[in-house]
Amino acid sequence: MNYSNEKIEAMIYLINGYKVMLDSDLAKLYGVETKRLIEQVKRNASRFPGDFLIICTFENLEDLRSQIATANTANTWNHKRRTAPMLFTENGVAMLSTVLNSERAIQINITIMRTFTKLRSFLSMENSLEGRVGNLEKGTNKLFKIVFERLDTIEDQVTPKLPANRKKIGLK
């Protein structure tokens, strides 16, 4: 089964500042059962430190639920699985390739790594654009400040000074 970058991108979520993939999505990509993937990870637990693998908490499940846009509550997810979902960061996905040694796992892993790299390049472009827009905004603010100050001085010069003892016109 061939997966495109777009399909894989849709399987990447943002949790605790990390871009992560669900164990069940990875199992589907690799063509194995989720429980078999979890078994391999548990057998090789030393290869998956905290920045490679995140075990879902209730708050993480709620964040995932909002990103996946599912109506299922986190409690419903708990009833569908015996264990909390595992979330793999980019490094964790790379480490999975050492644990799962099939040809399909290697090919899928290459595609996933390319997708993460593409997302990272988009993020750096976005940060660059944010900086440029910020600089443009600062320059524009300075320019408008000068324009408004000049308009205030012109207004003071143009506005006629009325005498204090001037007779008021109007209805009483």
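The values are calculated or read from the model by the stated rules, or taken from the named source; none is laboratory data. On a predicted model such as this, the values are computed, not experimentally measured, just so you know. Positions of Cβ are backbone-derived with ideal geometry, glycine not excepted, and every protein chain shown enters the neighbour counts.
Data overview
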{"quantity": "Exclusive hit being within 17 Å of the chain's Cα centre (by Cα), touching a residue at least 60 places away in the same chain (Cβ under 8 Å) and at negative phi, set I54, I8", "calculated": "I8"}
{"quantity": "Yes/no for F88 being surrounded by 12 or more Cβ atoms within 10 Å (Cβ to Cβ), modelled with pLDDT of 85 or more and under 26 Å from F122 (Cα atoms)", "calculated": "yes"}
{"quantity": "Segment 86-114 residues that are farther than 16 Å from D25 by Cα, paired with ones that are modelled with pLDDT under 80 and polar (S, T, N, Q) (beta carbon under 8 Å, 6 or more apart)", "calculated": "R114/N5"}
{"quantity": "The one condition in (1) over 16 Å from P85 (Cβ atoms); (2) in contact (Cβ under 8 Å) with a residue 24 or more places away in the chain; (3) of a type outside the set (K, R) that N16 fails to fulfil", "calculated": "(1)"}
{"quantity": "Selection within segment 44-64 - modelled with pLDDT under 85, in contact with a helix residue (DSSP H, G or I) (Cβ under 8 Å, 6 or more places away or on another chain) and within 16 Å of Y18 (Cα to Cα)", "calculated": "C56, L61, E62"}
{"quantity": "Count - residues of segment 19-34 that are surrounded by 13 or more Cβ atoms within 10 Å (Cβ to Cβ) and either free of Cβ contacts under 8 Å to residues at least 24 places away in the same chain or in contact with an Asp or Glu (Cβ under 8 Å, 6 or more places away or on another chain) (or both)", "calculated": "5"}
{"quantity": "Any hit, segment 39-46, residues being assigned to a helix (DSSP H, G or I), in contact (Cβ under 8 Å) with a residue 12 or more places away in the chain and surrounded by 19 or more Cβ atoms within 10 Å (Cβ to Cβ)", "calculated": "yes"}
{"quantity": "Residue within segment 21-33 that is modelled with pLDDT of 85 or more, of a type in the set (D, E) and assigned to a loop (DSSP other than H, G, I, E, B) present", "calculated": "yes"}
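Each row is one residue, and each column tells you yes or no for (1) more than 30 Å from G92 (Cβ to Cβ); (2) within 32 Å of the chain's Cα centre (by Cα); (3) modelled with pLDDT under 80; (4) not in a loop (DSSP other than H, G, I, E, B).
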{"position": "S121", "(1), (2), (3), (4)": "no, yes, yes, yes"}
{"position": "N127", "(1), (2), (3), (4)": "no, yes, yes, yes"}
{"position": "K142", "(1), (2), (3), (4)": "yes, no, no, yes"}
{"position": "L151", "(1), (2), (3), (4)": "yes, no, no, yes"}
{"position": "D156", "(1), (2), (3), (4)": "yes, no, yes, yes"}
{"position": "K167", "(1), (2), (3), (4)": "yes, no, yes, no"}
